[in-house]
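First up is the structure itself, then whatever we jot down about it.
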Amino acid sequence: MSDFDVVIAGGGVNALACAATLARHGLTVCVVERNANVGGGAITEEVTLPGFKHDLYGSSHVWIQCNEDFKAIQPELERYGLKYIEPKDHITGHPDKNGGPGIVIHKDIDKTCESIAAYSKADAARYRRVYDDFSQVREGFIKAFFSPPSPPSALATALETSETGLRRLREFSMSARAWVETNFENDFIKAVMLNWALAPQILPDQEGAGQSFYIMIPAIHYYGQAIPEGGSMELPRAMARYVEAHGGKVMTRASVKEIIVENDRAVGLRLEDGQEVRSRRATVSALDPKQTFLRLLGEARLEPEFASMVKGYSFGKISICRAQLALSEAPEFLNGADMSACPFHRIVDSMPQMIKFYAEIAMGLPPSDPFLWSACWTKLDPTRAPEGKHTLIFDTYVSNWLADGRTWDEIGEDYYERVLLPKLQQYAPNIAGDVILGKHIQHRGTLETANLSFVEGTTNGGERIAAQLGSFRPFPGYAHYRSPVRDLYMTGPHCHPGGGISAMGTITARVMLDDMGIAPANFW
């Protein structure tokens, strides 16, 4: 039996961010991880050939750059191996195979607007206005993103007192598709903007997505798109080293059997091998809600109404099909040197393509003409491949169910050969033949095998619908990271603010420190 101040089930980025924040305030923390490595959705492995390091899941570290609690720890984490690399200029490329010059998103807003203006000066002006608006909401955004969620009425109450506010509230209430149709005129720019907005795996006609544009567009210019040198996994590795250097422990290959409850409070974890890891002050679960409450606690310990909410929690129907490639040379994209200089690309053709794409997903059909997400991180970080060689990630969203009854285990490799690779070659024709040294294909089957919290191949911690956002995430009455069991807390992408590499576990830690009387949270 081991005793710590806090014990955490799950060893992903959010669990470790929670652990590191608690350790910084003098608490001893034990993190218990089922897999051989910590990281959860931030895992880097050599899955193609030796020396080629591939980020298997989370890869782009944008939102963590505006997490002030993480930034406070970052200098210390750098002593334990974390080094962020950020593009100096070219951030995201949007190649165009239909005759246009393509769009390059630069760190510099002027250069970005110049690129957009090649398609539409009016759209470039609109993009700049959205960027300019961010200066007025930046502080509030950071507070809202990295604090327990406000009541559902807070935003409406703040905006409903003026005509300007009501107009903005109307925009915020729009679907992503309606917002781009209302605000932009050029079809290619509309498709690019819509593609950005749907990155959190929301659907194009899902209402309430309009407000995301006012954060999404400016954030890339303010915060960039940094990656850890050596791979995404270097972030959780550094946090694990930090926790252990502060008297804690990180256990791997340690599967949790149950959460121990005594006298109606959580007091630690019992592992599959019978070992108990006890917590003096609190226990945290970074696992998905169904694992936490139905498997590790057991329905008998739950009030029927709460158990019903857990059973009804939706993970959604969207998964990914992804290819990891080892390459002898970097991709050479259409539209010239500026486009190829980008390490990261979002590849989309038109609005009709996007609408058809999501229609096929809704029908359980493998998308016939998908958009692609592509990253050649070795352009920024050559340590991820042997000298002169490169890695490439590219993928698309797919339905995690198939109408014809087949599985992605059956069709994943074929879909890569027939659809994904030919689509990429329309934009980067050099990625063919002997340039491809090795490949590794991922899909629902590989995802849910790799991580039990990738439920049915989903990777976002839970569907981002209005009923599961803000004060409703994961459940009404439990959005402030506390559970129905005393001294059992929640962290992870199923909690506010949701998926993505943000290290939101710092929020859970601040709630705990406030509850313990160690450090006032002062969220608002």
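Here are the numbers:
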| item | result |
| --- | --- |
| Pairwise FRET efficiency - LYS83 versus ALA125, Cβ, R0 = 30 Å, nearest 0.05 | 0.20 |
| Virtual paramagnetic centre 7 Å along Cα→Cβ of LYS257, amide N under 18 Å, in the stretch 271-285 | 271-279 |
| Above-threshold pairs, the threshold being 20 Å between Cα atoms, out of LYS107/LYS143; LYS249/LYS290; LYS317/LYS356; LYS143/LYS249; LYS317/LYS439 | LYS107/LYS143; LYS249/LYS290; LYS143/LYS249; LYS317/LYS439 |
| For PHE315, distant residues with modelled amide H under 5 Å away | GLU463 |
| Amide hydrogen neighbours beyond the local backbone of LEU437, cut-off 5 Å, H modeled | ALA326, LEU327, SER328 |
| Potential extension, GLN136-TYR222 segment - 0.36 nm per residue separation minus Cα distance | 29.6 nm |
| Pair GLU456, GLU417: separation of 7 Å Cα→Cβ label points (nm) | 3.0 nm |
| Of all accessible heavy-atom area on the chain, the percent that carbon and sulfur account for (1.4 Å) | 49 percent |
| Net length gained if the chain between THR164 and ASP273 were fully extended (0.36 nm per residue, minus Cα distance) | 33.2 nm |
| The stretch 150-158 - phi-based ³J(HN,Hα) in whole Hz, Karplus 6.51/-1.76/1.60, Gly and Pro as x | 6, x, x, 7, 4, 5, 4, 4, 6 |
| Neighbour cut-off at most 16 other Cβ (10 Å), DSSP loop, GluC sites (Glu not before Pro), the stretch 377-464 | GLU387 |
| Cut-off 11 Å between beta-carbons: net charge of the residues surrounding TYR57, Lys and Arg +1, Asp and Glu -1 | -2 |
| Point-to-point label distance, GLN426-GLU299, nm (Cα→Cβ direction, 7 Å offset) | 4.7 nm |
| Calculated P(r) tail over 19 Å for the stretch 362-514, as whole % of Cα pairs | 66 percent |
| Partners for LYS83 among lysines (Cα-Cα distance below 19 Å; same-chain residues under 8 apart left out) | LYS53, LYS71, LYS379 |
| Estimated vicinal HN-Hα couplings, Hz - the stretch 79-86 in sequence order (Karplus 6.51, -1.76, 1.60; Gly, Pro = x) | 5, 10, x, 7, 9, 8, 10, 10 |
| Volume in Å³ per residue [convex hull over Cα atoms, computed for the stretch 143-228] | 132 Å³ |
| Backbone HN-Hα couplings from phi across the stretch 486-494 [Karplus 6.51/-1.76/1.60, Hz, Gly and Pro as x] | 4, 6, 10, 10, 10, 8, x, x, 7 |
| Given charges at beta-carbon only (K, R positive; D, E negative), |dipole| of the stretch 245-399 in Debye | 580 debye |
| Where trypsin sites (Lys or Arg not before Pro) in DSSP loops with at most 15 other Cβ within 10 Å are excluded, longest remaining stretch of the chain | 98-252 |
| log10 of Debye I(q)/I(0), alpha-carbon scatterers only, for the stretch 24-182 at 0.09, 0.10, 0.12 Å⁻¹ | -0.53, -0.65, -0.91 |
| Calculated [θ] (222 nm, deg cm²/dmol) that DSSP helices of n ≥ 4 give over the chain, each run adding -39,500 (n - 2.57) | -10000 deg cm²/dmol |
| Nearest-20 debye value, the chain charge dipole, Cβ charges on Lys, Arg, Asp, Glu | 720 debye |
| Over the chain - Rg/Rh using Cα atoms and the Kirkwood inverse-distance radius | 0.95 |
| Values of log10 I(q)/I(0), in the order q = 0.13 Å⁻¹, for the stretch 342-444 under a Debye, Cα-only, solvent-free model | -0.52 |
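The values are calculated or read from the model by the stated rules, or taken from the named source; none is laboratory data. What you are looking at is a predicted structure, and each value in this text was computed from that prediction instead of being measured. Here Cβ is always computed from backbone atoms with ideal geometry, including for glycine, and neighbour counts include all displayed protein chains. Side chains are part of the model used for accessible areas, which takes the heavy atoms of the whole protein and leaves out ligands, DNA and RNA. Shrake-Rupley method; radii C 1.70, N 1.55, O 1.52, S 1.80 Å.
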